[in-house]
């Protein structure tokens, strides 16, 4: 039986990011995605032109049916869409943790697209407030970490700020400059960095891919370090084999 990951994320019709990226990454790493769409978007592989949250009650009904029959081994959260949806997801996590207090939750704090396009009609930081204390791992990129930490640039200071809510923090370096992409994991017990050669081009959905890959490993009972090691290596392979569907950002080969 495959481990199931309950996924809350947006639908990207270009197929590069969002819930399609989650499904592909989770499946490639040996778990099974249970996809619940939080938001419909109008976008291509570069820009977002519209964002339409799904009714929160539909999300609740979908998740309840899945949770009633399937053993949820991990949760991955991407675009939330609205405060109502955030509250529903928080309720679902709390309910599942009555049975499984150690249920891992991976929160990818998607505040904007790679080009800075808005992905919510509400304050994106405030939307995450009910979810951050429930997350096991949060995976911001550099701009997201800065926004979540009130403009602080220092990575150690950002980690200390984020660790107030969430026990594991992975700050990604894809938006930085330099020959290497440095991703850093922070926790109370251990810190670790991964240094990857910076690949040419820009990629659509790399953050979704990494967060989902982490969730897949945690769903299978891997330790946080082991899950992160596998996810990091998998994403680098995916980006190295990225392909073109149109001018603009490349699609990871998941």
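The values are calculated or read from the model by the stated rules, or taken from the named source; none is laboratory data. Keep in mind it's a predicted model, so treat the numbers as computed, not measured. Every residue, glycine among them, receives a Cβ derived from its backbone with ideal geometry; neighbour counts consider all protein chains shown.
Before moving on, here are some points about what is shown:
- Residue satisfying all of: in segment 191-206; part of a strand (DSSP E or B) and within 25 Å of residue 245 (Cα to Cα); nearest to the chain's Cα centre (by Cα) among these: 203
- Checked against (1) in contact with a strand residue (DSSP E or B) (Cβ under 8 Å, 6 or more places away or on another chain); (2) farther than 17 Å from residue 217 by Cα, residue 32 passes all but a single condition, namely (2).
- Residue in segment 173-190 that is assigned to a loop (DSSP other than H, G, I, E, B), in contact with a helix residue (DSSP H, G or I) (Cβ under 8 Å, 6 or more places away or on another chain) and within 14 Å of residue 229 (Cβ to Cβ) present: yes
- Any hit, segment 26-36, residues being under 19 Å from residue 242 (Cα atoms) and either part of a strand (DSSP E or B) or under 14 Å from the mean Cα position of the chain (by Cα) (or both): yes
- Of the candidates 135, 74, 90, 68, the single residue that is surrounded by fewer than 14 Cβ atoms within 10 Å (Cβ to Cβ) and modelled with pLDDT of 95 or more is 68.
- None of 127, 163 is in contact with a helix residue (DSSP H, G or I) (Cβ under 6 Å, 6 or more places away or on another chain) and in contact (Cβ under 8 Å) with a residue 12 or more places away in the chain except 127.
- Checklist (1) touching a helix residue (DSSP H, G or I) at 6+ places or on another chain (Cβ under 6 Å); (2) within 23 Å of residue 12 (Cβ to Cβ); (3) part of a helix (DSSP H, G or I) applied to residue 218, failing item: (2)
- Some residue of segment 50-63 being out of contact with any strand residue (DSSP E or B) (no Cβ under 9 Å at 6 or more places or on another chain), without any contact (Cβ under 8 Å) to a residue 60 or more places away in the chain and within 13 Å of residue 6 (Cβ to Cβ): yes
- One residue alone among 210, 239 is in contact with a helix residue (DSSP H, G or I) (Cβ under 7 Å, 6 or more places away or on another chain) and touching a residue at least 60 places away in the same chain (Cβ under 8 Å), and that residue is 210.
- Filtered residue count, segment 25-45, keeping only those that are crowded, with 21+ Cβ neighbours inside 10 Å and in contact (Cβ under 8 Å) with a residue 40 or more places away in the chain: 10
- Residue 109 being under 13 Å from the mean Cα position of the chain (by Cα), under 21 Å from residue 169 (Cα atoms) and not in a strand (DSSP E or B): yes
Here is a yes/no grid of residues against (1) modelled with pLDDT under 95; (2) surrounded by 15 or more Cβ atoms within 10 Å (Cβ to Cβ):
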| site | (1), (2) |
| --- | --- |
| 159 | no, yes |
| 177 | yes, no |
| 195 | no, no |
| 203 | yes, yes |
| 211 | no, yes |
| 214 | no, yes |
| 218 | no, yes |
| 223 | no, no |
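- Members of segment 101-132 that are farther than 20 Å from residue 83 by Cα and modelled with pLDDT under 90: 114, 115, 116
- For residue 50, the stated conditions do not hold, so it cannot be described as farther than 17 Å from residue 210 by Cβ, modelled with pLDDT under 95 and under 18 Å from the mean Cα position of the chain (by Cα).
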